[in-house]
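For reference, the structure discussed in these notes is given below.
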Amino acid sequence: MFNMNEIVGSHDILMITLDTLRYDVAVLEEENCPNLCGAGHWEKRHTPGSFTYAAHHAFFGGFLPTPATTNKADHVRLFHSKNTGLKTHPYTWQFDTTDIVSGLQAVGYRTICIGGVIFFSKKVPLAKVLPSYFQESYWRMTFGVTNQRSTEHQVNHAIKLLHNSDQTERLFMFMNVSAIHGPNHYFIPGAKKDSIETQRAALRYVDGELGRLFQAFRERERPVFCMVFSDHGTAYGEDGYNGHRLAHEVVWNVPYREFIL
């Protein structure tokens, strides 16, 4: 259990959403993901939203995925809005703004978004909403779902920003990883459609690229608190369902990890 009142202000903070990653896929690939799981296992949690736009609004409001258990008493939220009248834990960091991004900015963090899926593209007004939480937001076609090397390009851009940043400034960096989102069939040569196996292959690719980002953060002057989780899963034919934005366990169950670099 992390005391966020000790972490906020003393650590850089890195939040990564692995867009559309299913919990069962993440568990199957744990031993093949040394960067994401080398020091621990995925925790099974429930997402607050069944698709990207809804889930990320909740995340930025401080509502991260919650443990998939009937006993919620032991769950300590990392972030909570002040003056709601609800009981909070002493380890929970409370923000006095509309969201955790502006809350961290208010206490001296530089906030950066590296977009991935279309809701971060800024191409239309709707796609400008999520990036607008941040002081800086970046999106390129090469970061999106149609580029097989999207995570490589996202990580390259993030590392460039890290290398050009003041070592003394505190950073809150958010990255929405698009590679696991469909289409992901091209991560297995010859595959014609997305499946559990092609999503597993996409996750292995993503883990390899994130290792470079983690190393770049390790080279900074302060430790880094990391939150890595999926925003929702997706169905590949289970009970006749396909895709997400629907109420099925493969959509609602997501992998979650938090750790210190």
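The values are calculated or read from the model by the stated rules, or taken from the named source; none is laboratory data. From a predicted model like this one, the values you see are computed outputs, not experimental measurements. Neighbour counts run over all protein chains shown; Cβ positions are idealised from the backbone, glycine included. Note: accessible area is taken over every heavy atom of the protein model, side chains too, but ligands, DNA and RNA are not part of it. Shrake-Rupley method; radii C 1.70, N 1.55, O 1.52, S 1.80 Å.
Measuring nothing but how far apart in sequence close Cα pairs (under 8 Å, 6+ apart) lie, relative to its length, the stretch 97-216 scores a relative contact order of 26 percent.
Could you work out what % of the accessible surface of the chain is carbon and sulfur, using a 1.4 angstrom probe and leaving DNA, RNA and ligands out of the count? Solvent-exposed carbon and sulfur of the chain make up 52 percent of the total. When only the Cβ of Lys, Arg, Asp and Glu is charged (+1, +1, -1, -1), the dipole of the stretch 5-103 relative to its Cα centre reaches about 460 debye. Among the lysines of the chain, pairs at least eight places apart or on separate chains and with Cα atoms under 26 Å apart come to 7. Placing unit charges on the Cβ atoms only, positive for Lys and Arg and negative for Asp and Glu, gives the stretch 139-211 a dipole magnitude near 220 debye about its Cα centre. Since only HIS57, SER195, THR17 are under comparison, the one whose Cα sits farthest along the positive direction of the charge dipole of the chain, derived from C-beta charges on Lys, Arg, Asp and Glu, is HIS57. Here the chain is assigned +1 on the Cβ of each Lys and Arg and -1 on the Cβ of each Asp and Glu. Its dipole about the Cα centre then comes out at about 540 debye. Applied to the stretch 108-114, the Karplus parametrisation 6.51 cos²θ - 1.76 cosθ + 1.60 on θ = phi - 60° returns per-residue 3J(HN,Hα) values of x, 7, 8, 9, 10, 10, 10 Hz, with x for Gly and Pro. Note: relative contact order over the chain, using C-alpha pairs below 8 Å and six or more positions apart, is 32 percent. As a length-normalised measure over Cα pairs under 8 Å and 6 or more apart, the relative contact order of the stretch 1-143 settles at 19 percent. The residue among HIS157, PHE214, MET141 whose Cα reaches farthest toward the positive pole of the charge dipole of the stretch 108-223, with charges on the beta-carbon of Lys, Arg, Asp and Glu, is MET141. Working ranking of peptides 178-189, 242-253, 145-156, 214-225 by packing, defined as the average number of other Cβ atoms within 10 Å per residue, highest first, is 178-189, 145-156, 242-253, 214-225.
Note that the stretch 145-201 shows a convex hull volume over its alpha carbon atoms of 81 Å³ per residue.
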